[in-house]
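Novice: Please find one structure pasted underneath; my questions will follow.
The values are calculated or read from the model by the stated rules, or taken from the named source; none is laboratory data. This one's a predicted model, so the numbers in the text were calculated from it and none came from an experiment. Quick reminder, even Gly has a Cβ in these numbers, built from the backbone with ideal geometry, and neighbours come from all protein chains shown. The area values use the complete protein model at the heavy-atom level, side chains included, leaving out ligands, DNA and RNA. Shrake-Rupley method; radii C 1.70, N 1.55, O 1.52, S 1.80 Å.
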There are 2 protein chains.
Amino acid sequence: MLQEKTPIVSQAVIRRLPIYLRYLQQLHLDEVDTVSSQEMGQDLDINPAQIRKDLAYFGEFGRKGIGYSVPYLIEKIRQILKLDRSLPVALVGAGHLGIALSNYSRLRQAELAIAAIFDKDPQKIGTKIAELVVEPIDRLESRVRELGIRIGIVAVPAAEAQAVVDRMVGAGILGILNFAPTTLRVPGEVHIRYSDVTSELQALAYYVE
Amino acid sequence: MLQEKTPIVSQAVIRRLPIYLRYLQQLHLDEVDTVSSQEMGQDLDINPAQIRKDLAYFGEFGRKGIGYSVPYLIEKIRQILKLDRSLPVALVGAGHLGIALSNYSRLRQAELAIAAIFDKDPQKIGTKIAELVVEPIDRLESRVRELGIRIGIVAVPAAEAQAVVDRMVGAGILGILNFAPTTLRVPGEVHIRYSDVTSELQALAYYVE
């Protein structure tokens, strides 16, 4: 495959963009029109120079002495993250976590919502979760193609996660959010993120004496 | 209250320590004894200078030209994060998410496990989740004191989250992991972290063309 000539931005930068976005959207709700990297840095506990550098990868969005226009920067970050189009998500695993994620997803975001739910358990197939009918896992590949899905969520037990991920990759999914407490193998072109409650709690432990 | 004279380490540093820990524990399982900050940086996609700086806040753990001893660094990070003692956790919310978290927590970590589950729903109170009986929310304060709990997990709907957090803070909880999709107010001495599936998916969206 030919390498494209776009600059390679580190994953750490990409991980911070949604944090900036959520913060800016809150400012927008509070009717704040302009924000400096200093203010952003203080509120988010991130070095302002880091914020300026992160955003500069993608263009010249701020103005010296004035700062960033909040609505403009929201629009730009949404474009960078491709949130200006609809990105349907496939969820595998209709257990307690899957149900919680489905309810949450439908509620929170129109453009990045769970569009199909799969399970292998005949007792779960055909049940309704957040207005979606749970489909058999064997339909994963055809539905992913049909719906143009590129993002998958893994909410199955650890022992079943690798097989699910292999099927997702085979179906053409390029981004995976994994909730199973295990490390998974994916080809280089597929991005995987781990949602890890253990790490979150461990970071909190530091602060409790 | 008197300010202690320990150096103030930024939250960003503390957030990276569990990532280092999980990585080192995997190396340990793979029987790797020594690792350099270069190798760590490459595997974790974090600048090696950042890793050295993060660890140097807490002491001189590595040796020039040799790197870090894996078991020694595991022990040190566990000490820094206070994972060398037992830290019971209170969970409020026995819905689908709460059940998923309880099952996960009991499975994964002995020293940082959910020790009590609370809900206000009479239908849930008295039911058993992961060997724990769901208790009425009115017992939160007394049980937190009794069990010496300092960490709480919020798994209730957004509209109820602030009231739960207020009760947790009143009961003496100092670290809160919030799953409700809303921003919450806590006093300065309390640390709150947000588990945000939306941000995780948004960061993935960048990679799927």
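Novice: In region A:21-73, what residues are acidic (Asp, Glu), surrounded by fewer than 12 Cβ atoms within 10 Å (Cβ to Cβ) and under 21 Å from A:Ile8 (Cβ atoms)?
Specialist: A:Glu60
Novice: Taking the conditions exactly as written (open to solvent by 30 Å² or more (accessible area, probe 1.4 Å) and either in the same structural domain as A:Arg193 (by TED's automatic domain parsing) or of a type in the set (Val, Ile, Thr) (or both)), does A:Gly126 satisfy them or not?
Specialist: yes
Novice: Considering only residues of region A:161-183 that are in contact (Cβ under 8 Å) with a residue 60 or more places away in the chain and within 11 Å of chain B (Cβ to nearest Cβ), which is farthest from A:Val197 (Cα to Cα)?
Specialist: Going through the qualifying residues, I end up with A:Ile173.
Novice: Another question, if that's okay. Pairs, please: C-beta under 8 Å, at least 6 apart or cross-chain, first residue at pLDDT below 90 and in region B:52-68, second open to solvent by 70 Å² or more (accessible area, probe 1.4 Å)?
Specialist: B:Gly62/B:Arg52
Novice: So which residues in region B:140-155 are out of contact with any Lys or Arg (no Cβ under 8 Å at 6 or more places or on another chain), in contact (Cβ under 8 Å) with a residue 24 or more places away in the chain and more than 10 Å from chain A (Cβ to nearest Cβ), if there are any at all?
Specialist: Matches in region B:140-155: B:Arg143, B:Val144, B:Arg145, B:Leu147, B:Gly148, B:Val154.
Novice: While we're on this one: Do you know which residues across region A:129-148 are touching a helix residue (DSSP H, G or I) at 6+ places or on another chain (Cβ under 9 Å) and either open to solvent by 60 Å² or more (accessible area, probe 1.4 Å) or modelled with pLDDT of 95 or more (or both)?
Specialist: A:Glu131, A:Val134, A:Glu135, A:Ile137, A:Leu140, A:Glu141, A:Ser142, A:Arg143, A:Val144, A:Arg145
Novice: Now for a separate question. In this structure, does B:Leu81 turn out to be open to solvent by 30 Å² or more (accessible area, probe 1.4 Å) and within 11 Å of another protein chain (Cβ to nearest Cβ)?
Specialist: Here the answer is no, as B:Leu81 does not meet what is asked.
Novice: Please give the number of the condition B:Ala158 fails out of (1) surrounded by 15 or more Cβ atoms within 10 Å (Cβ to Cβ); (2) more than 10 Å from chain A (Cβ to nearest Cβ).
Specialist: (2)
Novice: Would you check which residues across region A:194-209 are open to solvent by 40 Å² or more (accessible area, probe 1.4 Å) and either of a type outside the set (Phe, Trp, Tyr) or more than 7 Å from chain B (Cβ to nearest Cβ) (or both) and list them?
Specialist: A:Tyr194, A:Glu209
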